[in-house]
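Beneath this line is the structure, given in structure tokens, with notes to follow.
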Amino acid sequence: ALDYAANEAELGKSIGDDFREGKITLPVMLAYRAGDAGERDFWEQALAQGDSLSAQTLSEARRLMEKHGA
């Protein structure tokens, strides 16, 4: 969860690094599982993008995690 919600200075790395590396973390799994078909499509496409993820995609991922309590 720190990869999505922590302060970069405190975490010591850029927010979203795990996500950009395609790591399937527990928050991703929980949000994916709770999501509807469109949201699951988002997760699949976002994780396939890897390093080319935009700030907007990371923001949407964070929004979905918050929406589903992940």
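The values are calculated or read from the model by the stated rules, or taken from the named source; none is laboratory data. All of these numbers come straight from a predicted model, not from anything done at the bench. So basically every Cβ, Gly included, is an ideal-geometry build from the backbone, and we count neighbours across all protein chains shown.
State yes or no: is residue 17 surrounded by 11 or more Cβ atoms within 10 Å (Cβ to Cβ) and among the charged types (D, E, K, R)? Yes: the conditions hold for residue 17. Just the residues that are over 9 Å from the mean Cα position of the chain (by Cα), modelled with pLDDT under 90 and either in a loop (DSSP other than H, G, I, E, B) or surrounded by 13 or more Cβ atoms within 10 Å (Cβ to Cβ) (or both), please, taken from region 25-68. Matches in region 25-68: 49, 53, 54.
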